[in-house]
Amino acid sequence: MSIIIPANSAVSGGFGVANSLMLNNPGDTAYLSRSNSSGTSTKKGTISVWVKGGEEPSGNNQTTLASWGDANNHGALLWNGSDKIDAFDYQSGYASQLQTSAVLRDSSAWYHIVYSWDTTLSTANDRQKVYINGVEQTYSTRTNYSQDAATSWNANSYSVRVGALNSSSYFRGYMSEVVFIDGQQLAPTSFGEFDEDSEIWKPIDVSGLTFGTNGAYLDFEDSSNLGNDANGGTDFSETNLAATDQATDTCTNNFATLNPLSIWGGSTATSSTFLSEGNTKFDTGTNSAKGVVNTSIGVSSGKWYCELKTLETDRMWIGIINKQFFTSTTNNFWTTGLSSGFFWYGNGTAVYNSNDDSYSTYGGYTDNDVVMFALDMDNYAWYLGKNGTWLNSGNPESGATKTGSVTGLSNFGTATLTDYGEVFFMQGDSSNAGTSNAQWNFGNPFFSISSGNSDGNGYGNFEYTVPSGYFALNSKNLAEYGG
């Protein structure tokens, strides 16, 4: 498959996408919708959408766009429970269906999906196509439209839905640059291009396209009207969406999240039970299970800042780990002989390493505190703060002197990094009876921020001032300052 925009890469220059929409489903049952009028064509059209999954898709159909008439008449473009893209038109049976052979399992990366159709064409296989990141796919399932068939995609009075098909197929994650073209079967090059240096598939400006009568362009740049059609057509109605569902995690600047593919723990430690809010909230409290999760982006150099709001801290551990942590088969924090992590315990006063050795005393944190992390990988120093104050008289800007940093981190940062790669932020719960519930802010928060502070590059929205020289964990900053 062609190169995607992954968690640790970026392309410089070119068209920039400012915002995306975060859909916190299925809990919120959130989506956008509007009714079709009599359109340009029921035989030709194109859908283009950039998506970043909010959980590992396995087991759940997640609809990106749909045209809904009723249970026997509808079309959908979705990420199915087998991690494949499924584009179909159901008219009391499949009038058309394309299911990709390729699977999409990286929920920390952005994918571009194009589905286009023209039933007037004489060659059956040309009447419907699916592209991922600029490349037409091969299909494990194919049913072609009959020539000149009328589709469900532009049928008069059907409900066009973004993020939902019915009550069991809500999308969970991020969408950006959602485009519906009425009356044309377009190639993916109308929406994206390969970067000439990196060969990464990236978006281009679509505002000059001809959208047609029922066409639409959703850029999500107006937080007070997330259903705004930037093409000037009828706006979409919002269901269970709020201004805080506007995100800055986009297909041109990928922000860190908690990684649904790196949840570790008991049998119930899954992305669908523990993660929500665009993979920025991790909650084990209602599941009676221990679990650990780390960020989608790891770093081996540079200086990085993030915050988290503690909601339930009964058994919560927060800190930093590297990949060596996952070499243990015990599912415990404490693994003798491994210097794989440092953990701050909510009900305690100290920071511990994975050998159960305690370090500097910081005091605990309680529910609804805002915890500040500053990680200096150039000097191997980690600083802890709470509610606007750096603890232990810490000074993240002190460089090599490491004033007030967690004692002993140098041992974690030398040979361990050489052997085991990047360092990740983490959250965990070491007890089946415990509670670990927090909302993380890597610069793209889904909870209310009263202050609003960005890093030196203007990225991020944080409660407290970002120390000089520290940056939000996203692909553009990583490209500039190393990872």
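The values are calculated or read from the model by the stated rules, or taken from the named source; none is laboratory data. Keep in mind that this is a model prediction, so the values were computed, not measured. Quick reminder, even Gly has a Cβ in these numbers, built from the backbone with ideal geometry, and neighbours come from all protein chains shown.
Here are the numbers:
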{"quantity": "Restricting region 42-62 to residues that are at pLDDT 85 or above and outside any strand (DSSP E or B), the residue that is nearest to residue 99 (Cα to Cα)", "calculated": "61"}
{"quantity": "Of all residues making up region 208-220, the number that are assigned to a loop (DSSP other than H, G, I, E, B) and closer than 25 Å to residue 475 by Cα", "calculated": "2"}
{"quantity": "Qualifying residues in region 99-128 (those that are in contact (Cβ under 8 Å) with a residue 12 or more places away in the chain and of a type in the set (D, E, K, R)) - the one surrounded by the most Cβ atoms within 10 Å (Cβ to Cβ)", "calculated": "127"}
{"quantity": "Selected residue (criterion: surrounded by the most Cβ atoms within 10 Å (Cβ to Cβ)) from residues of region 129-148 that are closer than 19 Å to residue 91 by Cα and touching a helix residue (DSSP H, G or I) at 6+ places or on another chain (Cβ under 8 Å)", "calculated": "145"}
{"quantity": "Search result, residues across region 420-462 that are crowded, with 16+ Cβ neighbours inside 10 Å, assigned to a loop (DSSP other than H, G, I, E, B) and in contact with a helix residue (DSSP H, G or I) (Cβ under 6 Å, 6 or more places away or on another chain)", "calculated": "446"}
{"quantity": "Residue in region 384-396 that is outside any loop (DSSP other than H, G, I, E, B), under 30 Å from the mean Cα position of the chain (by Cα), at pLDDT 90 or above and surrounded by fewer than 14 Cβ atoms within 10 Å (Cβ to Cβ) present", "calculated": "yes"}
{"quantity": "Single residue of region 179-195 satisfying the filter (part of a strand (DSSP E or B) and either surrounded by fewer than 24 Cβ atoms within 10 Å (Cβ to Cβ) or not β-branched (Val, Ile, Thr) (or both)) that is nearest to the chain's Cα centre (by Cα)", "calculated": "192"}
{"quantity": "Count of residues meeting criterion [part of a strand (DSSP E or B) and either of a type in the set (Val, Ile, Thr) or surrounded by fewer than 22 Cβ atoms within 10 Å (Cβ to Cβ) (or both)] in region 63-77", "calculated": "6"}
{"quantity": "Residue count for region 93-118, restricted to those that are closer than 24 Å to residue 182 by Cβ and either over 19 Å from the mean Cα position of the chain (by Cα) or not hydroxyl-bearing (Ser, Thr, Tyr) (or both)", "calculated": "12"}
{"quantity": "Residue check, residue 90 outside any loop (DSSP other than H, G, I, E, B) and either within 25 Å of the chain's Cα centre (by Cα) or buried (at least 19 other Cβ atoms within 10 Å of the Cβ) (or both)", "calculated": "no"}
{"quantity": "Residue that is surrounded by the most Cβ atoms within 10 Å (Cβ to Cβ), among those in region 149-158 that are of a type outside the set (Phe, Trp, Tyr) and within 35 Å of the chain's Cα centre (by Cα)", "calculated": "154"}
{"quantity": "Inter-residue pairs, beta-carbon under 7 Å, first closer than 17 Å to residue 379 by Cα and touching a residue at least 24 places away in the same chain (Cβ under 8 Å) and in region 469-483, second of a type in the set (Asp, Glu) and crowded, with 19+ Cβ neighbours inside 10 Å, 6+ apart", "calculated": "470/455; 471/455"}
{"quantity": "Counted residues, region 97-156 - those being within 23 Å of residue 215 (Cα to Cα) and either among the β-branched types (Val, Ile, Thr) or outside the structural domain of residue 76 (by TED's automatic domain parsing) (or both)", "calculated": "7"}
{"quantity": "Residues of region 463-483 that turn out to be assigned to a loop (DSSP other than H, G, I, E, B) and at negative phi, as a count", "calculated": "10"}
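The rows are residues; the columns are (1) over 27 Å from the mean Cα position of the chain (by Cα); (2) surrounded by fewer than 23 Cβ atoms within 10 Å (Cβ to Cβ); (3) at pLDDT below 80.
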| site | (1), (2), (3) |
| --- | --- |
| 313 | no, no, no |
| 319 | no, no, no |
| 335 | yes, yes, yes |
| 354 | yes, no, yes |
| 359 | yes, yes, yes |
| 373 | no, yes, no |
